[in-house]
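Visitor: Sharing a structure below in structure tokens format, with a few things to ask.
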Amino acid sequence: MKRIAVLGGGPAGAFAAERLARAGLETVVFDEKLAWEKPCGGGLTYKAYTRYPFLLDNNVPKKIVHDTCLAAHPAGAVHMDLSNPLVIYSRMDLNRMLLERAESAGAQLEKTRVLGLDRAGSGWRLKTRQGAFEADFCIVATGARNSLRNVGTEWTAADTMFALGYYIPSAQDHIDIQFLPDFEGYIWVFPRCGHLSVGICGKGEPAQALRARLERYLERKGISYKDGSFYGHVLPSLERSGWMKNRLAGEGWLAVGDAGGLVDPITGEGLYYAMRSGDLASEVVLNESQSPAERAQTYANLLRRDFMADLEFGATLAKRVFLGRFLFNAVPSRMVDFIRRSPRFRVLIQDLLAGTQPYLGLKSRLLRNLNGTMQEVLMNVFLQRVIPEET
Ligand SMILES: Cc1cc2nc3c(=O)[nH]c(=O)nc-3n(C[C@H](O)[C@H](O)[C@H](O)COP(=O)(O)OP(=O)(O)OC[C@H]3O[C@@H](n4cnc5c(N)ncnc54)[C@H](O)[C@@H]3O)c2cc1C
């Protein structure tokens, strides 16, 4: 293979391009905006910056936040000091850094929209606003709003969440996470350098209703959003059935990041999976010994082994976490109670938020660790009910 086209220059595309260009392949990134403030919290977990340490070791402005406040009715709020903090970027800064790294590695950046792609022999002919372009292989990194119909995840309403919010010129030192009664989603307030990124993501409600919920919350907290800039976007949140039929790869193309639906269905974390899938896709492309069909299968296998099986299991867990009940109370409210009362449960939630505790294996950790006090016996019953059997 000589020439690789990377369609989309967000974290998934930029990172794949960096890897491919560094290995010596002619790599061209097409993005209609290049670096931009993509609607996002911008939070990177410990899992992300320990695998890719340059995400922490750089001069780009970012907030490193330890203090997190989780709240749910009727339990109220509980503060938790994260042992492994969240690193929060503006997406303009993060995207620019990743694109600059790709460019320094030798990738060519083209600011243009890809309008379509067709097979041309064993390669591809891309139609862009700037004209046609020939490539041997395509990395599809066009995000959750992928308009290229023949490649990437085929979306259904059930497999997405709507996410909207405000960038607000204000400051606070801690992260807020608010769960809402009978609502599959949550509200967040992330402090960034110079502003707050606040938002709500949720399934099964129209955007207007989500916006009203968020604004009511901000008014209650005394956070004025009148000077904030509003945003809305789609967040992949695949159901179990969505994972089963997910269109991730085909002959001559691999989908990375949101274009392949690779987002945690509970937390909405997508930045790590975007970069990790970009990394694994480049590994597959660089393995010259495989046929195009083998490449597609190898990529799917690598993803499953690396993180996708865990996200699939997370999809089974999601509804139980947001909408489940235990002893006459909603599960999020019980979680707040347990964090308050049990140091061991608090560590468990910290590990989940840091990405060091996968969903798979959660049940066995609980069975190993939680016993003894009455509180922990109760918690054990609670978690046995919330976490389904691993299959
Ligand atoms: C409101 C919100 C909050 C979030 N908060 C977090 C968070 O705090 N932490 C976290 O880990 N994840 C978060 N996510 C998820 C995260 O934003 C995504 O998972 C991540 O951006 C995926 O990266 P990507 O490169 O796959 O796609 P994107 O970042 O969406 O990049 C796709 C790129 O493709 C370009 N593009 C699209 N179509 C074309 C085309 N036809 N031609 C040329 N260019 C094209 C776009 O311009 C864009 O730059 C959040 C998502 C939302 C919506």
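Visitor: Rounded to a whole number of µm²/s, how large is the Stokes-Einstein D of the stretch 84-127 at 10 °C and 1.306 mPa s, given Rh as the Kirkwood radius over C-alpha pairs? Intermediate results must be reported in sequence, preceding the final value.
Guide: Details: Rh = 13.5 Å.
Roughly 118 µm²/s, to the nearest whole number.
Visitor: Contour minus end-to-end for SER147 and LEU323, with contour as 0.36 nm per residue of separation and end-to-end as the Cα-Cα distance? Mind showing how you got there, number by number?
Guide: On the way: separation 176, 0.36 × 176 = 63.36 nm, distance 3.21 nm.
This chain segment gains 60.1 nm when fully extended.
Visitor: Find the Cα radius of gyration of the stretch 162-201, compare it with 2.2 N^0.38 Å by division, and give the number to two decimals. Display every interim value, and only then the final one.
Guide: Values: Rg = 10.7 Å, N = 40, 2.2 N^0.38 = 8.9 Å.
Cα-based Rg divided by the globular estimate yields 1.19.
Visitor: Let me ask you something else. Between ARG3 and ARG247, 0.36 nm times their residue separation minus their Cα-Cα distance comes to what?
Guide: Working: separation 244, 0.36 × 244 = 87.84 nm, distance 2.33 nm.
Answer, rounded to one decimal: 85.5 nm.
Visitor: Okay, next question. Give the shape of the stretch 184-234 as rounded, prolate or oblate, defined through the alpha-carbon gyration tensor: a ≥ b ≥ c are the square roots of its eigenvalues, a/c under 1.5 means rounded, and otherwise the shape is prolate if a/b is larger than b/c and oblate if not. Intermediate values should be presented prior to the final figure.
Guide: Values: a/c = 1.79, a/b = 1.49, b/c = 1.20.
Here the stretch 184-234 falls in the prolate category.
Visitor: How far apart, in nm, are the 7 Å Cα→Cβ label points at ASP67 and GLN208?
Guide: Here the answer is 3.9 nm between the modelled labels.
Visitor: Positive end of the charge dipole of the stretch 54-115 (Lys, Arg +1 and Asp, Glu -1 on Cβ, about the Cα centre): tell me which of GLN108, ILE88, ASN59 has its Cα farthest that way.
Guide: GLN108
Visitor: Rounded to the nearest Å, what's the spacing between the alpha carbon centres of the stretch 183-212 and the stretch 123-181? Just the number, please.
Guide: One Cα centre to the other: 17 Å.
Visitor: Note down the Stokes-Einstein diffusion coefficient of the chain in µm²/s, whole number, using a Kirkwood radius over alpha carbon pairs, 4 °C, and 1.567 mPa s. List each step's numbers first, then the result.
Guide: Values: Rh = 21.7 Å.
It comes out at roughly 60 µm²/s.
Visitor: Can you flag which of LYS38/LYS62; LYS33/LYS127; LYS33/LYS245; LYS2/LYS38; LYS203/LYS319 are past 20 Å Cα-Cα? Don't skip to the end; give the middle numbers.
Guide: Numbers: LYS38/LYS62 16 Å; LYS33/LYS127 17 Å; LYS33/LYS245 31 Å; LYS2/LYS38 31 Å; LYS203/LYS319 10 Å.
Checking Cα-Cα distances, LYS33/LYS245; LYS2/LYS38 exceed 20 Å.
Visitor: Describe numerically, in nm with one decimal, the distance between label points set 7 Å from Cα along Cα→Cβ at ASP227 and at GLU134.
Guide: Roughly 5.6 nm, to one decimal.
Visitor: Provide the gained length on full extension for the span ARG305 to GLN172, in nm with one decimal, where the gain is 0.36 nm per separating residue minus the Cα-Cα distance. List each step's numbers first, then the result.
Guide: Working: separation 133, 0.36 × 133 = 47.88 nm, distance 3.86 nm.
Net length gain for the segment: 44.0 nm.
Bear in mind these aren't lab numbers, they're just calculated from the coordinates by the rules spelled out. What you see is a predicted model, and the numbers here were worked out from it, not measured in a lab. Heads up, the Cβs are rebuilt from the backbone with ideal geometry, glycines too, and the neighbour counts pull from every protein chain shown.
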